[in-house]
1. Taking Ile390 as the residue in question, decide whether it is crowded, with 17+ Cβ neighbours inside 10 Å and under 30 Å from Asn187 (Cβ atoms).
2. Could you list all residues from the stretch 14-63 that are in contact (Cβ under 8 Å) with a residue 60 or more places away in the chain, under 18 Å from Ala350 (Cβ atoms) and not hydrophobic (A, V, I, L, M, F, W, C)?
3. May I ask you to list the residues in the stretch 393-407 that are touching a residue at least 40 places away in the same chain (Cβ under 8 Å) and open to solvent by 60 Å² or more (accessible area, probe 1.4 Å)?
4. Can you pull out the residues in the stretch 124-139 that are of a type in the set (Gly, Ala, Ser) and modelled with pLDDT under 75?
5. Looking only at the stretch 21-44, count how many residues are closer than 12 Å to Cys327 by Cβ and in a helix (DSSP H, G or I).
6. Kindly provide the set of residues from the stretch 189-232 that are hydroxyl-bearing (Ser, Thr, Tyr), at pLDDT 80 or above and touching a helix residue (DSSP H, G or I) at 6+ places or on another chain (Cβ under 6 Å), ordered by number.
7. Among the residues in the stretch 257-279, are any modelled with pLDDT of 85 or more, surrounded by fewer than 24 Cβ atoms within 10 Å (Cβ to Cβ) and on the phi < 0 side of the Ramachandran plot?
8. If Ser34 satisfies every condition in (1) surrounded by 21 or more Cβ atoms within 10 Å (Cβ to Cβ); (2) closer than 19 Å to Ile390 by Cα; (3) not β-branched (Val, Ile, Thr) but one, which is the exception?
Amino acid sequence: MEYVIWALIGTCYGMLVGIIPIAGVTTALITVFSMGAYFMADPYLGLVFLTAIVASCASADSYTSILTGIPGASTTAACVIDGYPMAKKGQAARAMGIAIADSTFNGVVFAALTFFLLPYYGKVIVLFGRPEFLGFMMMALACVGFVASKNVFLSICAIIFGLCVGMVGEDVVSNPRLTFGWEYLQNGIGMVVLLSGLFGVPELLDGFRRKLKSAAPPMEGSYWAGLKQGFGDVRKHWKDMMRGGLIGFVTGLLPGVGGAVGDFLAYGATKAAHKEKDQEVPFGEGNPVGLLGCEGANNAQKVSSMIPACLFGIPAAPFAAMVMAICMYFGMEIGTPSLLDDINFTNSLAFGYIFGTIGVALLSIFLYKWILKVLEVPFWIYATFILAVIIYANMQYTGGWEDLALLAILSAIGVVCKTFNISRPAILVAYVVAFKIDEYFWGTLQLYGYKQWKPGLTSMEGFRWGELFSITNHPIFIVCIIISLGIFINSLVRKDKGLDYT
């Protein structure tokens, strides 16, 4: 019963934060970090709570985009294209019906496929040694840096900066590294403060700067009739709905590439599948097919983003990194192979996500008027509260001025990255894999040609070049490196430089 109660609390909280413009699931998770100690006695309870937040926030983000034209998060920006014009035409209830049905279907289906089959995905881990892990992490960096960015140079800068941030602290022999004489940094830079600085604070400050005002346009006709019409649209165009969910699921697997990229790819695929002359309403002017074609991609992407996190400890999205950090806080390290054999772990993920997805749909149907009331609250009121909670959560580290100083420094960096379109997901993924790359790189050299290496040794004395070629017995490593090089070369020569996803 306690699991149901906390799943319901997570659903309600995720829905509330999701409705707030531009806040998003990462902000929601940052604000609950200080609650981690409560779940140390039963981490599975905390996992249900967290996944319910993720699921409900993913759906509620779309409602804000549709009703106000202000994206609830970057991952629902594509919903604005046709969703908001529908609302302005008095078809808000119809658009809500499409969003609720699409989000619920894709969320439940892909959650079941992902979490219940996660132990079987874990069998892949037995094929991975140090070289394979090294190759996979290099491919993750290539994906996040060069697939969804227009500027290769800025992507390289983001990756290098992320690797440097991840290396801050102590090396493998406990020598201070990149601390610049600041003793506070010897324990490294925590993921919570990095996420707060790169994503949380800059988005809130941007909302203050833009003086966001959210108010839904008036609705024409019966709410229930419009809702039913939206459900009918989804049933009629179920192929478009499933295509969008599948695209979101696939892009969610790639570190830093999902989110807005997945939504826009789904929208583009939907538009390409329909001839413009056959549409009663042009795309971009309130076409229900355009909305349902991209809406479910967000929910499917949220699910698949957890797969590389659970299998390899590499978050495919900022919220997945936040889930990893909170779980680590209450004693559960996501990304360890043994965790995949824990049936309670996979069941908790599945229960929390499916409960949150269905729960937020039911709440949205019957609490529509209250959603509109929340949207009428001035942005500065709830943004100020969220900012205060973020500051409080980050002061749980030491409670000293250093916590605030580091948050201020990283927030300033986050604002600069947002302003100049420097990929923040690339920084995050590079940060997460930095220490692991360091470990696997030297471990691979020690196994294949660098027999006399030991921690602290920088000389190449004793290196055996002949033995290095024995690494060709690891085809997964070679394939990952080839793919990484291909992605990098393609980013240099392609004419279509992709999307700005920062």
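1. Yes.
2. Listed by number, the residues that qualify are Gly14, Pro43, Tyr44, Gly46, Thr51, Ser56, Ser59.
3. Gln396, Tyr397, Thr398
4. Initial filter on the stretch 124-139 (of a type in the set (Gly, Ala, Ser)): 129, 135.
Scanning the stretch 124-139 gives a single hit, Gly129.
5. 6
6. Ser196, Tyr223
7. Scanning the stretch 257-279 turns up no residue that is modelled with pLDDT of 85 or more, surrounded by fewer than 24 Cβ atoms within 10 Å (Cβ to Cβ) and on the phi < 0 side of the Ramachandran plot.
8. Unmet for Ser34, out of (1) surrounded by 21 or more Cβ atoms within 10 Å (Cβ to Cβ); (2) closer than 19 Å to Ile390 by Cα; (3) not β-branched (Val, Ile, Thr): (1).
The values are calculated or read from the model by the stated rules, or taken from the named source; none is laboratory data. Predicted model only: the values in this text are computed from it and were never measured. Ideal geometry is used to build each Cβ from the backbone, glycine not excepted, and the neighbour counts take in all protein chains shown. Ligands, DNA and RNA are stripped out before the accessible areas are found, and what is left, the full protein with its side chains, is counted by its heavy atoms. Shrake-Rupley method; radii C 1.70, N 1.55, O 1.52, S 1.80 Å.
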